[in-house]
Amino acid sequence: MGSVLLYSEPRPDFFLLGNDDAIYEQDLLRNAGSIRPWLAYIDSKMRNGTAHEQAFVMERACIHLPRSYKLWRMYLDFRVKHLKKKNPARAKNEFNKVNALFERALVLLNKMPVIWEMYLGFLLRQPLVTKTRRTFDQALRALPVTQHNRIWKLYRQFANSAGGETAVRIWARYMQIHPEDMEDYIELLIETGHYKEAVKRYIEILNNPRFQSKNVKSDFQLWSDMVDLMVNKARQIGDVSVSGIDVDRIIRSGIERFADQRGKLWAGLATYWITMGDFEQARDVFEEGITTVMTVRDFTMIFDAYVEFEESLISSMMDAAQGRAAKGKTDVDKDFDLDLRMMRFEYLMDRRPFLLNDVLLRQNPNNVPEWEKRVQLWGENAKEVVQTYTDAIATINPKKALGKFHTLWLSYARFYEDHSDLDTARTILNKAVRVPYRSVQELADTWIAWAEMELRAENFDNAVAVLAKATASPKRSTVDYFDETLSPQQRLHKSWKVWSFYVDMVESVGTLTDVRAIYDRIFELKIATPQTVVNYANLLEENGYFEESYKVYERGLDLFNYPVAFELWNLYLTKTVSRKISVERLRDLFEQALENVPPEFAKPIYLMYGALEEDRGLARSAMRIYDRATRAVSDTDRPAMFNFCITKAASNFGLPSTRSIYERAIAALPDAAAKEMCLKFADMERRLGEIDRARAIYGHGSQFADPRAEETYWQTWEKFEVAHGNEDTFKEMLRVKRSVAASFNTDVGFVARQAVERARAAKLQAQATGDEDAEREAADQEKEADAMAKLERQARAPVGFVAASTGPEGGNRTALPPPTADGVVQESAPVTNPDALDIDLDDDDE
């Protein structure tokens with residue numbers, strides 16, 4: 001193939017034609033203006049002819065039909081593929097022939113973008129930079145604008161491969177129609193050293209609000225890239241007089257625009273001036289930055305850069321000084337400059353806490369703790385401390401203060417107090433109490449601090465006068481202490497904290513009359529606390545005004561409800577009982593105390609009431625009170641109250657007198673407590689020798705004891721029968737046991753109790769797992785099971801017991817058998833069924 005000569009222009013020799021070509025030649029003569037015979041001819045040569053013959057036929061076809069895009073495309077593809085593996089430098093002539101062929105084709109086909117693309121792609125393989133660039137320009141001029149993107153795709157590849165000034169100029173033209181690729185152009189400018197132009201392009205896209213970064217960069221990222229470029233290449237860009245780019249103004253505009261990145265931008269601006277060699281201007285920028293930033297992060301960034309700059313500068317100057325010392329030379333001016341810079345550096349480090357405090361105060365001028373820190377920073381510098389207090393008070397808005405504003409006023413006054421200037425301190429506090437604080441608490445603390453200052457100075461009269469002024473109020477005040485629409489000064493007279501301090505101080509330095517007047521005013525304003533009532537009453541009692549102290553308790557009881565009233569009643573009754581006043585008056589007090597007492601607080605008062613009657617020798621009256629208590633106390637206290645009542649009755653009137661109490665307790669208490677009461681009642685009867693009564697009580701209590709769950713109860717009864725019964729009574733006990741077990745096992749009540757237990761277990765499991773739906777379902781099941789259990793208790797009545805009585809839980813209980821005249825219990829005959837089978841209950845196994 002390499003030895004075959006390919007022609008780029010027609011030749012008259014037709015020695016390449018063979019006998020097989022005659023039919024195609026004749027067809028060409030008949031249809032000279034048609035492309036079809038040429039295509040058939042070329043197809044035949046492509047299958048059977050040599051490369052030379054193929055080129056010869058295609059050349060003839062393009063000459064006869066020069067406007068045929070299809071023939072030219074076929075011919076050019078053929079020639080380009082022929083040189084695909086050739087070296088453009090070694091086969092320069094062959095490449096030039098194909099280049100000439102492309103130019104021939106483009107004479108008439110210059111509107112065909114594919115031909116241009118083939119030609120340009122072919123030129124990109126050749127080391128012909130100028131010819132390639134001019135050909136690209138020709139293509140852009142020849143093709144319509146709508147087809148330019150196809151050319152620019154190759155043109156950009158050529159520009160990137162060419163590089164240098166050529167690439168920059170080509171990309172500059174490309175930017176005119178495709179500004180969205182500006183970021184690629186900027187990268188090219190930076191790579192080629194056109195930094196000034198790159199900055200201008202950055203400015204252009206940043207000023208264009210419609211620009212969309214194809215690399216998805218934010219405005220700040222573009223700003224940051226531009227600032228880095230201007231800072232790092234400051235010397236290459238030059239100052240504003242040379243480049244026309246005002247770097248200082250640009251970066252400052254970025255500082256205003258990006259408030260959250262001011263630290264980085266200030267440091268960048270300072271670095272720019274350092275790079276330009278203007279150290280004084282860099283120092284000014286650092287100072288401006290650390291005194292204007294609003295966040296600690298920005299301040300730390302700028303300050304660290306500032307310190308590093310000063311350290312590097314001092315280090316270089318010290319190295320130069322050491323070099324001069326090594327050579328034995330001295331330079332007074334440079335040594336003085338070094339000392340001056342060292343002093344500046346030390347001053348900078350000393351200023352850091354103040355500068356950091358300034359940052360926090362710029363963030364929030366109403367930050368009270370930061371103002372207090374600033375005062376501490378000045379230490380013993382009295383002038384600056386006073387100036388700081390003055391600035392803080394003038395700056396802080398009391399309604400927006402962060403922290404306790406009044407502490408700043410108090411610290412200010414304490415400063416003058418420590419310097420023995422009480423008059424100035426009073427002036428400051430007089431202004432402080434007029435400040436519209438956010439809460440009454442702050443104002444109250446201010447007045448109290450003023451009074452404490454007077455106490456420290458031993459000006460007791462002044463302290464009392466201060467608090468009297470603080471608590472001054474109209475005779476009848478309807479002000480609500482919690483009304484936020486009123487100022488703290490209008491609500492101060494109802495501040496319990498101020499009144500409490502006032503009364504404590506007057507108790508220490510004043511007379512009893514003054515103290516009583518203050519306490520009476522507290523009650524008039526209705527701001528007394530339970531402790532106030534107790535303190536006032538104790539004060540009067542200590543001074544012998546017992547009746548007055550009782551009136552104080554009465555006034556306190558009018559102010560408070562339970563549970564606070566219970567504590568006051570407890571103290572009041574204790575005081576009156578210890579005074580040994582008339583029993584009629586004491587009874588009136590106790591009845592008054594018990595009139596509206598809740599059940600949960602009734603027990604201690606009843607016990608105290610009963611103890612009073614016993615102390616006065618009225619045991620029967622005390623028993624009536626204890627009996628009332630068993631009905632009035634809460635369910636949780638009722639069993640203990642019954643036990644106490646039984647104990648008192650036994651000690652005062654003997655054991656037989658407790659029978660009625662036991663009976664009422666068994667009828668009134670819940671099942672579990674009634675069962676325990678039955679055991680105690682039966683034991684009491686056993687000790688009295690009333691065996692039959694004890695046996696009947698055991699039988700009565702059996703209805704509350706499930707044999708499978710209450711083994712203790714049945715063991716106690718069994719021991720009783722072993723000790724005091726016979727075979728018949730023991731069998732009767734076993735029969736009752738079986739009857740009770742059957743009733744618990746077969747009745748709905750037992751099933752209900754089982755359901756209750758399961759429901760409670762499910763509820764506990766649901767609570768542990770946090771499943772709310774399951775918990776609600778278990779609660780519903782528990783309620784249903786409780787209802788079933790109550791219904792069953794109403795229907796329960798063991799064999800051998802009749803005359804049911806209703807207990808507190810709603811269940812029917814069998815009453816205890818009535819005693820005979822001689823005290824022996826008479827058991828009622830069981831109801832018999834005439835149709836029932838006669839079954840012998842005697843069980844030998846038992």
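The values are calculated or read from the model by the stated rules, or taken from the named source; none is laboratory data. The model shown is predicted, which means the values in this text are computed figures rather than measured ones. Here the Cβ is made from the backbone with ideal geometry for all residues, glycine too, and neighbour counts use every protein chain on show. Protein only, heavy atoms only, side chains kept; ligands, DNA and RNA dropped before computing areas. Shrake-Rupley method; radii C 1.70, N 1.55, O 1.52, S 1.80 Å.
Under a 5 Å amide H cut-off, with hydrogens placed 1.01 Å from N, N367 pairs with L402 among residues at least 5 apart or on other chains.
When peptides 64-72, 406-414 are ranked by their average number of other Cβ atoms within 10 Å per residue, the highest-first order is 406-414, 64-72. Estimated at the nearest 10 Å², the accessible area of D20 is 130 Å² with a 1.4 Å probe. Averaged over its residues, the range 635-701 has an accessible area of 38 Å² per residue, based on protein heavy atoms and a 1.4 Å probe. Note that the range 384-483 presents 52 Å² accessible area per residue, ligands and nucleic acids not counted, probe 1.4 Å. The listed residues L154, L429 rank as L154, L429 when sorted by accessible area, largest first, using a 1.4 Å probe.
Sequentially through the range 192-206, phi angles give Karplus couplings (6.51, -1.76, 1.60; θ = phi - 60°) of 8, x, 8, 5, 4, 5, 4, 5, 4, 5, 4, 4, 4, 6, 6 Hz, Gly and Pro residues having no value and appearing as x.
Whenever you get a sec, line up R456, R262 from highest to lowest accessible area (probe 1.4 Å, protein heavy atoms). It would help to have the intermediate numbers written out before the result.
On the way: R456 115, R262 50 Å².
So the residues, ranked largest to smallest area, are R456, R262.
Pop out the carbon and sulfur fraction of the accessible area of the chain as a percent, whole number, probe 1.4 Å. The C+S portion of the solvent-accessible surface of the chain is 51 percent. By the compact-protein rule of thumb, 2.2 N^0.38 Å, the alpha-carbon radius of gyration of the range 550-708 corresponds to a ratio of 1.23.
Peptide packing: for 367-379, 282-294, the average count of neighbouring Cβ atoms within 10 Å per residue gives the ranking 282-294, 367-379, highest mean first. Checking every one of the trypsin sites (Lys or Arg not before Pro) in the range 505-545 against DSSP loop status and a limit of 11 other Cβ atoms within 10 Å picks out K526.
Taking 0.36 nm per residue of sequence separation and subtracting the Cα-Cα distance, how much length would be gained by fully extending the chain between T192 and Q281, in nm to one decimal? Walk me through the numbers on the way to the answer.
On the way: separation 89, 0.36 × 89 = 32.04 nm, distance 3.06 nm.
Computed gain between T192 and Q281 is 29.0 nm.
Ignoring ligands, DNA and RNA, how do S253, S213 rank by accessible area with a 1.4 Å probe, largest first?
Values: S253 55, S213 25 Å².
Largest accessible area first, the residues go S253, S213.
Place the peptides 355-363, 638-646 in order of packing, highest mean first, counting for every residue the other Cβ atoms within 10 Å and averaging per peptide.
On the way: 355-363: 17.3, 638-646: 20.2.
For the peptides 355-363, 638-646, the packing ranking is 638-646, 355-363.
When both the range 284-318 and the range 66-133 are represented by their alpha-carbon centers, they are found 64 Å apart.
In this structure E94 has an accessible area near 60 Å², from a 1.4 Å probe over the protein heavy atoms. Applying the Karplus relation 6.51 cos²θ - 1.76 cosθ + 1.60 with θ = phi - 60° to the range 232-239 yields 3J(HN,Hα) values of 6, 10, 4, 5, 5, 6, x, 7 Hz, where x marks Gly and Pro. A straight line joining the Cα centroids of the range 589-646 and the range 234-248 runs 101 Å.
Estimated at the nearest 10 Å², the accessible area of K731 is 50 Å² with a 1.4 Å probe. Take the alpha carbon atoms of the range 535-573, find their center, do the same for the range 456-482, and report the distance between the two centers in whole angstrom. Each part reduced to its Cα centre gives a spacing of 25 Å.
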